[in-house]
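Everything on this sheet refers to the single structure shown next.
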Amino acid sequence: MPQQTSPPARVATRDPLAWAVALVALGAFAGCIALWRTGGGTIDVSWARELDLRLHFSFDGIGALYGLLATGIGAAVFAYATAYVPLHLDHQARPARDRWRFWPWMALFMLSMVGLATAQDLILLFVLFDVTAVCSYFLIAFDRQERASRLAALMALLVTGGGAVAMLIGAVILYADHGTFSIPELASLLRTQDEAGGIATGTTVAIGLIAAAALIKSAQVPLHFWLPRAMAAPTPVSAYLHSAAMVAAGVLVIGRVFQLVEVAPVVQDGMLAIGLLSIAVGGALSLTRDGFKQVLAYSTISQYGYVVMLYGIGGRDGATAAAFYVVAHAIAKSALFLTAGTVTMAAGCRRLSTVGGLARELPVLAVASALAAATLSALPLTIGFFKDELFFRAAAEHSTLLGVVSVLAAGLTFAYTWRFWGGIFLGERRVGGAADDAAAAAKPLAPVPALLTAPIAVLAVLAVLGGIVVGPFAELASDAAGATLGHDVQLQLAYHLDARETWMAALAWLLGGLLLATPKAWGPAARALSRAGERFGPSHVYELSLSAVNRWSDRLHDVEVRDLRSRVAAVLLPGGILVALGFAATPTAGVFQIGSIDGTDLLVVALLALVAIAAGVVAFTHQHIAIVLALAVVGLGLATVYALLGAPDVALVAMLVETVVTLVFLAIVAYAPRGERPSRRELAGVASEPQRRHTHSRRWRDPLIGVVAGAAAFLVIWGALSRPTPAERVVDELVRLTPAAHGRDVVTVILADFRGLDTMVEVTVIGVAVFGVIALLRRGRTW
Amino acid sequence: MTALVLALVLPWAVGALLLLADGRRRRWGWTAVAAVAANLAALVVLAVKVLPDGHETVVTGGWEGGIGIVVRADALGVTFALLSSFVVLAALVHEVLDGVRSRTFPALVVLLCTGLTGLFLTGDVFNFYVFFELAMISAYVLTAYGDDRHQLGAALIFAVVNLVGSFLFLIAVAAMYHVTGTLSMEQVAERMAGVEPNAAILIAVTFFVAFGTKLGLFPFHFWLPAVYAGTRPAVAAILSGALANIGAYGLLRFGAGLLPEELELGSTVLIVIGSASVIYGALLAVSRRDPAEMLAYSSIGQAGYVLVALGLGGPVGLAAAVLYAILNALSKALLFLSGALRGALVAGAFAVGALSLAGMPPAAGFLGKLALFHTGVEEGSVALIVLLFCGGALAFVYAFQLYQHEFWRGSRVKAGTGLEEAAAASAKELAAGRELPIAGGAAGSDVAAEPAASPVAVRAVSVVLALIVLALGLWPEPLLSLSSDAAAVLHGGAR
């Protein structure tokens, strides 16, 4: 830990931008409460008629719950960030204007969460889902000078953005089958269908895809790995991401589409399994982590595993418990994250192994975060107690096995939560060093602005209030469950000492305490799991596939053709193959006709043979002069053919063009450096052995491709020419109308009148070509 | 009718006259801008008249259709003309603000715009070729714009390969005339039905190869990366955002419009080639470090989507093809223009383009993805949906890897007195020890000098384009109805 050279107290917390955003959050929170109390409201307008998209928002129970979380937790986190962000920028010696990369995204994040919470249309859900992904992308990469931040941002975007595409596909499948994107409409349609004899496989797949997108967003195993990486973000971002925004968006979507999930039992069972797996893996890995935020990140995976599992259990119990769990978790988890941030700011450390015993120096923080930890581990007199009570009830009602598992899960939560808190605040006092490090024991803490503690205290008070006056929270959860299930739900919560759930909770605390007391017993196994995950886990698969894709990309790029001839060949050869395909795909019997050959035709055939030979010479020789002369033979031979076929005017033009072109070519050859030919230059120069072989193989390749292309062109033309002349041809009409155009010969009239537009454009084309040539030539001159 | 004539004649005359002026002077640059803007305005007026399902026809010389050349503006043609003219205008304004470097640049851009307008609005097969030549010859010269070896090399490759394509197109036009006896598209469409399948399919294949080359479909694409990467950004924006529309429009007009039976017959081949393009282009784009090269390969992939949608056909498929072509042109213009700039807001504009490319809302690109998934689901093809998903995932990777490489890596700040040690430790933990090829770079606190910012006005052009792409994503109705009107021209009106 480098010495703190500047007192952090001088931080400007009077940044108007920051406070504006925080105040907006507070205002929005008040607005959400007002809306909730007055029964909400609905907006439903057409968005894009063409694709049947609607802007359909409705502030129902789910909207109230997640809206309040996004704005309320948002207000706390933003207030915290007004102090944190300037400090953070100061530590990294970054300009204050970088805060513009923070606040607008946070504000948009909050707004899109509120939108997401109230959206009633699958496409709208997808759009807002992706907007949150974009916000998180830029926020995770706030410290973009760090490579880890950039990689983490990319990973979060790829994984959650890719997941969102699954949701889009699911929505489109549902639309194709049922003709609507509206979630309430789909719910009632599917329920009717389910009652009438079950839903189609396609529908199940679609629902599975939507659920998968939501699970990915909620960082459920096996696609959880992006979340711990996203800890590269500044702490307030992590706090918000984990408690009320990004990750919560996943379970929000599950709650929203729950009525669809209900008709697809396979999907629901899958959710149950994935939830359990996430609880186990997240919890076990959380116990092995050293970084504060890593511990908390894995705990989030585990905690959302609870929620997913509850939705997997389903029914009234499951849905209510899930909604309540989200609230309790959001309060506790945001407070714990903010604690991590404050400790890091004060002590300059980010790992449990480098701090300890800070309770005496940071008493308010210690108490506040202890309350948050108590909430997360479901101790009585906190709102967390009820979350576990509901959880145990739902699990035990489902099956005894699940009841047992739920106790184990709660024990795990107890252990990792208190391991985190105890690691920071209990034990021997040390800052930035191991336990027996004298320097670390004496090292002072940096002073911490009050704003880095106050929001945590507020959240803690809220958590305790919720444990005493649980009514409003229960109402919030039951409203959300009502919106989830589609019918009203009542929820009464109170302390019952004799209830089964209380005993289960006590058992869980005992188990958690045991786990905490015996780290040596489970340590090796948990660390082995962690190592196995790093070596073979999905995160490794992600990295392998990303680097494999990059490698293949490079490899393919290396073998792409570069030289001009090959680029031309790459058009001609596939073109020839496609013509052959077309030839094979259609009936050819009697299509291709050979006319009669007599009289001057024999001469024409002989001339064409000459032309063909000359073309062959062009392909095989490397002498410039020979190429020019052979091309001249080709051109003049064809001109003669025109003359023989009764088109003397065309022949004359062709003759003229060929003469000029040949002379120009000869002049160019005269100017070109002597004896130069491409292959020799390559050979004499730096050409390596493979290149030489390359050149050698080209000797045959080019003519071969030429033959393929020529054959294809021949087929096309022969096929067209084999057709009889159409009964009505425009040219006959043109000849007839020539006198009407005051002309004597049809060619002139076509050029000047009937198709005068063509002529004018062609003149422009030639003009442009002339200017192009001039532009090229002038480059060589010095003026 | 006035609008139709004006859209064509005004830029033509101004462009021809501008050839004589020194385009490096500001006033001639702005004259060119005014000409293209007038062209765009005339096209807007025309669009208001023609949409949703009308058309506006002029026959040259006052002859009846087929004798004289039919110039015919319908929803499809106007849509593409509007799009191309808009992209050309954006690129031209960008370059004029940035400082034109050669005498002929403004004139050539205006003439290219004339050529594009003409070919999108003509109803005559040969006249299409003639306007096409005007656009192409201007583009050949424009590619050399910028004076150095890269640009000259790019121009040579571009001209040679595309002349092959043009030649194939000419063969197909000649053959088509021989079998139908007419050049008017309307009459050709009527008479092609009676042509022997073999002759017709060979003609159709030749058209396909010609337009495939223009559009840069795999495997005809080998010219494209070198050209887009070699030429200057404004020209690359014009090539990819305006000129490449010839390929998409040509496939739609000649395929679905004139040769529908042959299109049906070859649909499997089209889908296969389109899929190959999607995957090949996206895969090659992944590890490119030069934005222009990445965008070039991305264009190959995006062209593949248009082809797949065309191959699937039907009202939904054709509308998706038009929509995708429009979205791709806009995104590419935005990305090419902003990719070469530096300074505040440029990164944001580029990010909007990257989002659009990856099909992520709120940028407009997601509409194309949505339309394509619609098409795929309607077709009931799982393979196609998987293909679209993979192509989209690769687009995510290449768009954002490059975005980060371009705009994030360079802006290192000096690590201060703060949390260095802790940050390094957490970086180690997070990076899990694997170097990824692109997002990497030296770790630590090296300070790279911020490159000099581009002029504000030039950046403003990119920002405006970005805002338009965002706005089209937020209010998609106009774009969607435009593309479905355009597609309705091809499948006979019923929407």
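Worth a mention:
- Number of the exception - B:Thr57 against (1) assigned to a strand (DSSP E or B); (2) open to solvent by less than 10 Å² (accessible area, probe 1.4 Å): (2)
- Residue within the range A:496-515 that is among the hydroxyl-bearing types (Ser, Thr, Tyr) and modelled with pLDDT under 85 present: yes
- Unique match (being within 34 Å of the chain's Cα centre (by Cα) and at pLDDT 90 or above) among A:Ala368, A:Ala340: A:Ala340
- Within the range A:511-539, the residues that satisfy the criterion of being in contact with a Phe, Trp or Tyr (Cβ under 9 Å, 6 or more places away or on another chain) and open to solvent by 50 Å² or more (accessible area, probe 1.4 Å) are A:Leu511, A:Leu516.
- Residue pairs whose Cβ atoms lie under 8 Å apart, sitting 6 or more positions apart in sequence or on different chains, and linking a residue in the range A:552-572 that is within 7 Å of chain B (Cβ to nearest Cβ) to a partner that is charged (D, E, K, R), are A:Ser553/B:Arg288; A:His557/B:Arg288; A:Val561/A:Arg567.
- Considering residues of the range A:603-630 that are within 16 Å of A:Gly710 (Cα to Cα) and open to solvent by 70 Å² or more (accessible area, probe 1.4 Å) only, the residue farthest from the chain's Cα centre (by Cα): A:Leu610
- Unmet criterion (only one of (1) away from every other protein chain (no Cβ under 14 Å); (2) open to solvent by 50 Å² or more (accessible area, probe 1.4 Å); (3) touching a Ser or Thr at 6+ places or on another chain (Cβ under 6 Å)) for A:Gln593: (1)
- In the set B:Val78, B:Val87, only one residue is crowded, with 23+ Cβ neighbours inside 10 Å, modelled with pLDDT of 95 or more and on the phi < 0 side of the Ramachandran plot; that residue is B:Val87.
- Subset of the range B:129-151 [free of Cβ contacts under 8 Å to residues at least 40 places away in the same chain and either more than 9 Å from every other protein chain (Cβ to nearest Cβ) or on the phi > 0 side of the Ramachandran plot (or both)]: B:Asp148, B:Arg149
- The residues on offer are A:Leu452, A:Leu445, A:Leu485, A:Leu401, and the sole one that is without any contact (Cβ under 8 Å) to a residue 40 or more places away in the chain and assigned by TED's automatic domain parsing to the domain that holds A:Arg351 is A:Leu401.
- Residue that is farthest from the other protein chains (Cβ to nearest Cβ) [pool: residues in the range B:357-373 that are in a loop (DSSP other than H, G, I, E, B) and without any contact (Cβ under 8 Å) to a residue 40 or more places away in the chain]: B:Gly359
- Applying a threshold of 6 Å to beta carbon distances and a minimum spacing of six or more residues, or different chains, the list of pairs starting in the range B:474-495 at a residue that is over 10 Å from A:Glu50 (Cβ atoms) and surrounded by 15 or more Cβ atoms within 10 Å (Cβ to Cβ) and ending at one that is at pLDDT 90 or above and polar (S, T, N, Q) reads B:Ala486/B:Thr79.
- Residue under evaluation A:Ala439, criteria (1) surrounded by 14 or more Cβ atoms within 10 Å (Cβ to Cβ); (2) in a helix (DSSP H, G or I), criterion not met: (1)
- When B:Gly281 is tested against (1) surrounded by fewer than 24 Cβ atoms within 10 Å (Cβ to Cβ); (2) touching a Ser or Thr at 6+ places or on another chain (Cβ under 9 Å); (3) within 14 Å of chain A (Cβ to nearest Cβ), just one condition goes unmet, and that condition is (1).
- Within the range B:392-402, one or more residues are within 41 Å of the chain's Cα centre (by Cα), of a type in the set (A, V, I, L, M), at pLDDT 85 or above and under 30 Å from A:Arg289 (Cα atoms).
- Residue check, B:Phe222 outside any helix (DSSP H, G or I) and within 14 Å of chain A (Cβ to nearest Cβ): yes
- The range A:204-233, subset open to solvent by 10 Å² or more (accessible area, probe 1.4 Å) and among the small types (Gly, Ala, Ser), residue nearest to the other protein chains (Cβ to nearest Cβ): A:Ala232
- Taken across the range A:311-323, residues that are part of a helix (DSSP H, G or I), over 16 Å from A:Arg256 (Cα atoms) and under 29 Å from the mean Cα position of the chain (by Cα) do not occur at all.
- Filtered residue count, the range A:738-765, keeping only those that are open to solvent by 30 Å² or more (accessible area, probe 1.4 Å) and at the interface with chain B (Cβ under 7 Å from one of its Cβ atoms): 2
Per-residue answers, yes or no, for (1) modelled with pLDDT under 90; (2) crowded, with 20+ Cβ neighbours inside 10 Å; (3) within 21 Å of A:Ala720 (Cα to Cα):
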| residue | (1), (2), (3) |
| --- | --- |
| B:Val125 | no, yes, yes |
| B:Leu134 | no, yes, no |
| B:Ser138 | no, yes, no |
| B:Asp147 | yes, no, no |
| B:Ala172 | no, yes, yes |
| B:Ala175 | no, yes, yes |
| B:Val195 | yes, yes, yes |
| B:Ala200 | yes, yes, yes |
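- Test: residue in the range A:95-115 that is of a type in the set (Phe, Trp, Tyr), facing chain B (nearest Cβ under 10 Å) and crowded, with 24+ Cβ neighbours inside 10 Å: no
- Restricting B:Ala349, B:Ala383 to those that are open to solvent by less than 10 Å² (accessible area, probe 1.4 Å) and hydrophobic (A, V, I, L, M, F, W, C) reduces the list to B:Ala349.
- Screening the candidates B:Glu190, B:Glu186 for the property of being more than 9 Å from chain A (Cβ to nearest Cβ), free of Cβ contacts under 8 Å to residues at least 12 places away in the same chain and either over 30 Å from B:Gly281 (Cα atoms) or open to solvent by less than 10 Å² (accessible area, probe 1.4 Å) (or both) yields one hit, B:Glu190.
- Here B:Ala354 clears all of (1) facing chain A (nearest Cβ under 7 Å); (2) free of Cβ contacts under 8 Å to residues at least 60 places away in the same chain except the condition numbered (1).
- Count of residues meeting criterion [open to solvent by 10 Å² or more (accessible area, probe 1.4 Å) and within 13 Å of chain A (Cβ to nearest Cβ)] in the range B:289-313: 3
- For the range A:443-473, a tally of residues being open to solvent by less than 60 Å² (accessible area, probe 1.4 Å), over 36 Å from the mean Cα position of the chain (by Cα) and over 30 Å from A:Asp90 (Cβ atoms) returns 5.
- Candidate set from the range B:25-53 (those that are outside any helix (DSSP H, G or I) and either at pLDDT 95 or above or surrounded by fewer than 16 Cβ atoms within 10 Å (Cβ to Cβ) (or both)); member that is nearest to the other protein chains (Cβ to nearest Cβ): B:Pro52
The values are calculated or read from the model by the stated rules, or taken from the named source; none is laboratory data. Given the structure is predicted, the values throughout are model-derived calculations rather than measurements. All Cβ positions, glycine included, derive from the backbone under ideal geometry; neighbour counts span all protein chains shown. Please note that ligands, DNA and RNA were not included when accessible areas were found on the heavy atoms of the full protein model with its side chains. Shrake-Rupley method; radii C 1.70, N 1.55, O 1.52, S 1.80 Å.
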